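> Once you've had a glance at the structure underneath, I'll fire off some questions.
The values are calculated or read from the model by the stated rules, or taken from the named source; none is laboratory data. Everything quoted here is computed from the prediction, not taken from an experiment. Please note: Cβ atoms are built from the backbone with ideal geometry, for glycine as well, and neighbour counts cover all protein chains shown. Only protein heavy atoms, including side chains, enter the accessible area calculation; ligands, DNA and RNA are left aside. Shrake-Rupley method; radii C 1.70, N 1.55, O 1.52, S 1.80 Å.
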Amino acid sequence: MTSGRAAWIARLCYAVVLLPLVASGGAIADPDNYVDVVRGKALVTAGDCVACHTAKGGAPFAGGLALQTPFGAIMTPNITPDDATGIGSWSADDLAHAMHDGRRPNGSFLYPAFPYPYYTKVTRPDVEAIYAYLRTLPPVTNSVSRNTLPFPFNIRLSMLGWNALFFKTGTFVPDPNRSAEFNRGAYLAEGLGHCGACHTPFNAFGANKADRYLQGNQIDYWTAPNITNDMHSGLGKWSVDDVVQYLKTGQTGTSLASGPMKDVIENSTSKMADADLRAIAVYLKERGAAGSPAPAPLPASDHRMQVGEAIFVDTCAACHTRAGTGVEHLFPKLAGNVVTTQDDPASLIRIIIAGGRAAATDARPTSPAMPSLGYRLSDDEVAAVVTYVRNSWGNAASAVSADMVKALRSRVTEAAD
């Protein structure tokens, strides 16, 4: 083997193993620079770009997925290098302008469904690497309508005011008082990972509430849970290793990822380097948040608890056990599971009504499923059993009403249609 070939292989292996997720210098990426292409692929994976830019049954990255927002559906664009319908005519500067400033090459505004308020923190060398990788994708001709919002939200110039109020440009700045590992995790979570886009509540204008960063939100009628280190409703009871295991495999000994997080894990985090997942976990575990104190659990004598217990024993206990302990790697534990005690019970309600399937990863290829029970449980019965689960085995959370179940059932059914 010549020394030149050996050096090239060494460079390629180095790029595969090590992701420079914190700012570093570097030359402008070239599509023929395999080191940048490999690094760009890893960065695109960290950003889970394929999830939003791939329609059901469509070609990867060719766009056409309808993202539901409070203001209407937004169709995701084709980001393959097709000149006519994709971004084949874009330069690296154009991509940087979109990610850092929320603007198209012609200067028109993008909507924050493309999370440029997070991507603005991505360093220019990493944008260059992303651009290099996207240029290697097979061009796909797929014209996507980009004007699907109703009036007046279809007026892109309105984003001028939105940006002035809620968008601050600027790449990531490491905290000198924190460890390199924390800063690496912060760069990922606050930038490409855009964790706050799902896990932070929105205000009336569709912007994240900065004072409640990562404290939970509802996405597609699922609860994106609190992922701060809050002991009651966040990750306070999880170790760093627990978080890493969850992101890598979609499971811990007691929890299974489902809903939108299933897609994130299957497409993104399960394919990331362990060191990067650990950095994210360290960052999340060091972000303490004083959530609301745990309420007193409803007494077992409460009528709702009695009805809920009867339904649970008849319908749920065979899998989740009478004591709510579940079966490791197969049926999630309900006792002490913070998902069951979130302020927003949407995930529990939805999975009972519509069922669901857990993530399947290389480490845990079996994808356990929960059958839909909505066809035979009324709104009152769903409310009772969810209330029971939220207040048994040491759990404590607010009761769920039949009206809450009815409203969510209607929205979930409408979305399925």
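> Once phi is turned into θ = phi - 60°, what whole-Hz ³J(HN,Hα) does the Karplus curve with 6.51, -1.76 and 1.60 give for every residue of the stretch 117-128, x standing for Gly and Pro?
Taking θ as phi minus 60°, the curve returns x, 9, 5, 4, 7, 6, 5, 4, x, 6, 4, 4 Hz for the stretch 117-128.
> Now a separate question. Mind checking the full-extension length gain between S145 and A180? Use 0.36 nm per residue of separation minus the Cα-Cα distance, one decimal, nm.
On the way: separation 35, 0.36 × 35 = 12.60 nm, distance 4.28 nm.
Separation in residues times 0.36 nm, less the Cα-Cα distance, equals 8.3 nm.
> If you don't mind, there's one more thing I want to ask. Could you check which residue among T85, T45, T269 shows the biggest mean-square fluctuation in a GNM of the chain with a 10 Å Cα cutoff?
T85
> Rounded to whole Hz and in sequence order, give me ³J(HN,Hα) for the stretch 41-54 from the Karplus expression 6.51 cos²θ - 1.76 cosθ + 1.60, θ = phi - 60°, writing x for Gly and Pro.
Those phi angles translate into 4, 5, 5, 5, 5, 4, x, 6, 4, 5, 5, 7, 9, 10 Hz.
> Build a GNM of the chain with springs between Cα atoms under 10 Å: which of A164, A59, A275 gets the top mean-square fluctuation?
Most flexible of the set in this elastic network: A164.
> Also: First check a/c for the stretch 146-190, with a ≥ b ≥ c the square roots of the eigenvalues of its C-alpha gyration tensor; if it is under 1.5, answer rounded, and if not, answer prolate when a/b is larger than b/c or oblate otherwise.
Judged from the Cα gyration tensor, the stretch 146-190 comes out prolate (a/c at least 1.5, a/b above b/c).
> Once the Cα gyration tensor of the stretch 360-417 is diagonalised, what are the square roots of 5 times its eigenvalues, in whole Å and ordered largest first, as equivalent ellipsoid semi-axes?
That gives 24, 20, 10 Å for the three semi-axes.
> Put a dot 7 Å past each Cα toward the Cβ at S239 and A317; how far apart are the dots in nm?
3.3
> I would also like to ask the following. Please report how far the C-alpha centroid of the stretch 204-232 lies from that of the stretch 267-326, rounded to the nearest whole angstrom.
Value for the Cα centre distance between the two parts: 16 Å.
> Report, to the nearest whole %, how much of the accessible area of the stretch 164-300 belongs to carbon and sulfur atoms, 1.4 Å probe, protein only.
Percent of accessible area from carbon and sulfur atoms in the stretch 164-300: 55.
> Take the chain, connect every pair of alpha-carbon atoms lying under 10 Å apart with a spring to form a Gaussian network, then pick out the residue of S378, S301, S89 with the largest mean-square fluctuation.
Largest GNM mean-square fluctuation: S301.
> Now for a separate question. Using amide H atoms built 1.01 Å from N in the peptide plane, name the residues 5+ places from L67, or on other chains, whose amide H lies under 5 Å from its own.
Residues meeting the criterion, in which the H sits 1.01 Å from N, are I74, M75, T76.
> Continuing with this model, one more query. Let me make sure I get this right: for the stretch 77-193, a, b and c are the square roots of the gyration tensor eigenvalues over alpha carbons, sorted descending. Under 1.5 in a/c it's rounded, otherwise prolate if a/b > b/c, else oblate. Which is it?
oblate
> In sequence order, what are the phi-derived ³J(HN,Hα) couplings for the stretch 75-82 according to the Karplus relation 6.51 cos²θ - 1.76 cosθ + 1.60 with θ = phi - 60°, rounded to whole Hz, with x for glycine and proline?
8, 7, x, 6, 10, 7, x, 7
> Can you tell me the dipole magnitude for the chain around its Cα centre, using point charges on the Cβ only (Lys, Arg +1; Asp, Glu -1), in Debye to the nearest 20?
160
> Could you do me a favour and compute the accessible area per residue for the stretch 259-371, 1.4 Å probe, result in Å²?
47
> Rounded to whole Å and sorted largest first, list the principal axis extents of the Cα atoms in the chain.
73, 55, 41
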